[in-house]
């Protein structure tokens, strides 16, 4: 594997269809841009359609926009139905959109905002679109996590919605841990089908709008440190792009920046926290997510397929 992987290493994407959530700005925009430039037909799945149309106008190639509000399961279902009606196949579903460090608030369905948006919204969308991917050899579900998944690393089943004692940092960490657990359990379920794989990525520390809800006490120090610890959205998108397109990739892998502490740098295979590989917790989270969203996947839980592990994904 190359140590300096860039968008120049993305194979020809002509004939492939990619759906990218949160693609009107930041990492999602750069991901969509690179895929479109390599020939993919790209759908920008965004909450603000007007901003999405402006983003699409700046991109070259076959780029369209689909309204999608991950804070509303009704919107997720409507978007999935619209995508299913217009797309016969989906090669890449890139679950990129997210919120971070939001004040205590809930989605329209009453879920804690970060857990509901980052995990449950994408869980539901993936389940509703997966049958457009299963017949497509080489199709991939790429879910964007964060090094923040290590923060208070646990799925708080006794208070999933953080109603008793809210921590915006802890809730963010839970949502990003859920992204990884979802990826690993999804891969276990996809493995017997042999066509679609699930992969995860994280952008390190990138200069995007995601941190707009960062508490004021942290915002000023981060502003001073930003030139030293952040990278551009284009660089931050590279782990996602590699996870989506590297021919050498396989299911259950996790990509992140190759620099010190995975803060910045060219993408490489990395490992997630020990907690993220706990199979029983992954399966419990899956069952709870199906119950909360009302979405059942067209792939069942296998009985003898090995789970992804730290040793399996380091390469």
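Bear in mind these aren't lab numbers, they're just calculated from the coordinates by the rules spelled out. As the structure is a computational prediction, the values presented were derived from the model and not from experiment. Don't worry about glycine lacking a Cβ; one is built from the backbone with ideal geometry, like all the others, and counts go over all protein chains shown.
For the range 28-94, the gyration tensor built on C-alpha atoms gives an oblate shape. Its axis ratio a/c (a ≥ b ≥ c) is at least 1.5, and a/b is not larger than b/c. The label-point distance for residue 163 and residue 51, in a model that sets each label 7 Å from Cα toward Cβ, rounds to 3.0 nm.
The order of 65, 169, going from fewest to most other C-beta atoms within 10 Å of their C-beta, is 169, 65.
Dividing the summed helix terms, -39500 (n - 2.57) for each DSSP H run of n ≥ 4, by the number of residues in the chain produces a 222 nm estimate of -10500 deg cm²/dmol to the nearest 500. Spacing of the modelled spin labels on residue 275 and residue 301, each 7 Å from Cα toward Cβ, amounts to 2.1 nm.
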